[in-house]
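Working notes, structure below.
Read-outs: derived from the displayed coordinates by stated rules, not from any lab. Nothing here was measured: the structure is a model prediction, and the numbers come from that model. Note that we place each Cβ from the backbone using ideal geometry, even for glycine, and neighbour counts take in every protein chain shown.
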Amino acid sequence: MDDVISLGVGEPDFTTPWHIREAAIYSLERGFTMYTSNLGLIELRRALADHLALRYGVAYDPGDEILITFGVSEGLDLAMRAILDPGDEVLVPDPGYVSYAPCVTFAGGVVRPVPTSATDGFRPRPADFAERVTTTTRAVLLGYPNNPTGTAPNRETLSAIAQVVAEHDLIAVSDEIYDRLIYGREHVCFASLPEMRDRTILLGGFSKAYAMTGWRVGYAAAPRDLLAGMLKIHQYTALCASITSQMAAIEALKNGEAAVTSMVEEYDRRRRVIVKGLNDVGLTCHDPEGAFYAFPSTMATGQSDEEFAEHLLLEEHVAVVPGSAFGACGRNHVRCCYATSLPQIEEALRRIDTYVKRKRQG
Ligand SMILES: Cc1ncc(COP(=O)(O)O)c(C=O)c1O
């Protein structure tokens, strides 16, 4: 189909900043084409340890508490395979990123969804976690700022969830891939909360903040006993992340701050335009505090999320993702990724307006 505006895939529309690409090219010119340590380059692990200590005040030993992965995707799979025995339950807020439930299932675990709702801006309620803990609960799997809702709970909410984790002797797996994409508030690193460093597997990456999705590089930071289990799987199934991507990641951490700041400012501009625009056309949308997604309701059109997404694409050539792809609580909502240019967003809003008016009349 020609002329489609995609608010579909969750991927930055920016190219990786030039100085990062150049560092990778230069590393190839210098002949860095070999395997690295299974854990990843020590220079990168040191840079990450410094970064996490400085930003979030949480200390990891670069020697054996940080593992470089093929993005958060691999880290998530490793974490689940390392910590779960068959039948172990994992509490996962719903809606959540599409890979969470499959990774738990592939590792032999059982997903226990923790419902969230549009009426509270999809903020998780700590009591909902506590109520669902059983003798087979092993872990909570958190992803904030959230894909698909953009929700970023405050310190108080996350601290109350941390209390549940500590009280029931659980492990927290915290996917913080969107930590830098947060607007007008601080990101709370789950591992930095009281008692959480020693029971959290922190997953982070370069894909979103530095526009490096194709490089396939990320990291896991965790206490050494947990990380050792993940390393055991990684060393036999992946060996190590690409050295070129690791070289690029070092440059991103050392000199990428200005680029991150300017991309985040641009996302924030787009965020305000799309959230206002969706609300103005009658698709109620809470204010997303992070990531690059708006998650409006489709109820005003009388259509389910799937009908809405399908017909909006066919009739107005705008692609969005049905919310139910992210869990039952995403029903009757669609995910609109605003990692696309402002003129494209404005045109998409005009088309959505035409579509909603037509459905309301008909
Ligand atoms: C919440 C979340 N976690 C993880 C990923 C995958 O990250 P990576 O590119 O580091 O594998 C994505 C990609 O969309 C995501 O939205």
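Rounded to two decimals, the Cα radius of gyration of the stretch 133-283 over 2.2 N^0.38 Å is 1.19. The loop-placed trypsin sites (Lys or Arg not before Pro) in the stretch 185-268, going by DSSP, that have at most 12 neighbouring Cβ atoms within 10 Å of their Cβ come out as ARG185. Over the stretch 85-150, the hull volume per residue, using the convex hull of the C-alpha atoms, is 68 Å³. Amide H to amide H, with H built 1.01 Å from N, VAL114 comes under 5 Å of VAL92, ASP94, counting only residues 5 or more places away or on other chains.
Based on the Cβ-Cβ distance from GLU131 to VAL9, what FRET efficiency comes out when R0 is 56 Å, to the nearest 0.05? Working shown, then result.
Values: r = 35 Å, r/R0 = 0.63.
Given R0 = 56 Å and the Cβ-Cβ separation, E is 0.95.
May I ask you to work out the translational diffusion coefficient for the stretch 127-171 at 25 °C, viscosity 0.890 mPa s, via Stokes-Einstein with Rh from the Kirkwood sum over Cα pairs, reported in whole µm²/s? It diffuses with D of about 217 µm²/s by this estimate.
Of interest is the spacing of the C-alpha centroids, which for the stretch 8-27 and the stretch 338-356 amounts to 26 Å. Consider all pairwise Cα distances in the stretch 151-222 and report the whole-number % of them above 16 Å. Percentage above 16 Å: 51. Above 17 Å, the calculated P(r) of the stretch 73-117 contains 25 percent of its Cα-Cα pairs. One equal scatterer on each Cα of the stretch 247-297, no solvent, Debye formula: the resulting log10 I(q)/I(0) at q = 0.21, 0.23, 0.28, 0.31 Å⁻¹ is -0.73, -0.80, -1.00, -1.11. Scaling against 2.2 N^0.38 Å puts the C-alpha radius of gyration of the stretch 105-199 at 1.05.
Any chance you could give the angle, 0 to 90 degrees and rounded to 10, that helix 155-167 forms with the longest Cα principal axis of the chain? Between the helix axis and the principal axis of the chain, the angle is about 50 degrees. Dimensions of the stretch 26-167 from C-alpha coordinates, computed as largest minus smallest value along each principal axis and given longest first, are 55, 34, 28 Å. Using the Karplus relation 6.51 cos²θ - 1.76 cosθ + 1.60 with θ = phi - 60°, the per-residue 3J(HN,Hα) values for the stretch 242-259 come to 4, 5, 5, 5, 5, 4, 5, 5, 4, 5, 4, 5, 6, 10, x, 4, 4, 5 Hz, with x marking Gly and Pro.
Each of TRP18, TRP215 was scored by other Cβ atoms within 10 Å of its Cβ. Arranged with the fewest first, they read TRP18, TRP215. Measuring nothing but how far apart in sequence close Cα pairs (under 8 Å, 6+ apart) lie, relative to its length, the chain scores a relative contact order of 24 percent. Shown for ARG21, ARG360: other C-beta atoms within 10 Å of each C-beta, ranked fewest to most, produce the order ARG360, ARG21. Which lysines have a Cα lying under 30 Å from the Cα of LYS208, excluding residues fewer than 8 positions away in the same chain? Partners within reach: LYS232, LYS254, LYS276.
Can you give the relative contact order of the stretch 1-145 as a percent, counting alpha carbon pairs under 8 Å and 6+ residues apart? Could the numbers behind the result be given before it?
Values: 131 pairs, mean separation 25.4, N = 145.
Rounded, it is 18 percent for the stretch 1-145.
For GluC sites (Glu not before Pro), the sites in the stretch 105-191 that DSSP calls loop and that have at most 12 other Cβ atoms within 10 Å are GLU186.
Computed 3J(HN,Hα) for the stretch 176-187, one whole-Hz value per residue from the Karplus formula 6.51 cos²θ - 1.76 cosθ + 1.60 where θ = phi - 60°, is 10, 4, 9, 4, 8, 9, 9, 10, x, 8, 8, 7, glycine and proline marked x. Under conditions of 10 °C and 1.306 mPa s, the stretch 211-362 yields 87 µm² s⁻¹ as its translational diffusion coefficient, taking Rh as the Kirkwood radius over Cα pairs in the Stokes-Einstein equation. Both radii were evaluated on the Cα set of the stretch 1-108; the Rg over Rh quotient, with Rh as the Kirkwood radius, amounts to 1.05. Shape analysis of the stretch 217-266 based on the Cα gyration tensor places the equivalent ellipsoid semi-axes at 28, 14, 9 Å, largest first.
One decimal place: the segment PHE32-GLU195 gains 54.7 nm when fully extended, by the rule 0.36 nm per residue minus the C-alpha distance. Relative to the globular-protein estimate of 2.2 N^0.38 Å, the Cα radius of gyration of the chain stands at 0.99.
With charges only on Cβ, +1 for K and R and -1 for D and E, what is the dipole size of the stretch 267-325 about its Cα centre, in debye, rounded to 20? Present the calculation step by step, with values, prior to reporting the outcome.
Details: 5 positive and 10 negative charges, 82 e Å.
Computed about the Cα centre, the dipole is about 400 debye.
The C-alpha atoms of the chain define a longest principal axis, and helix 305-316 lies at about 70 degrees to it. DSSP beta bridges fully contained in the chain are about 40 percent antiparallel. Rounded to the nearest 0.05, the FRET efficiency derived from the C-beta distance between ARG224 and PHE106 at R0 = 22 Å is 0.30. If only the Cβ of Lys and Arg carry +1 and only the Cβ of Asp and Glu carry -1, the dipole of the stretch 1-63 around its Cα centre is close to 440 debye. A Förster radius of 25 Å, combined with the Cβ-Cβ distance separating ASP120 from ARG155, puts the computed FRET efficiency at roughly 0.90.
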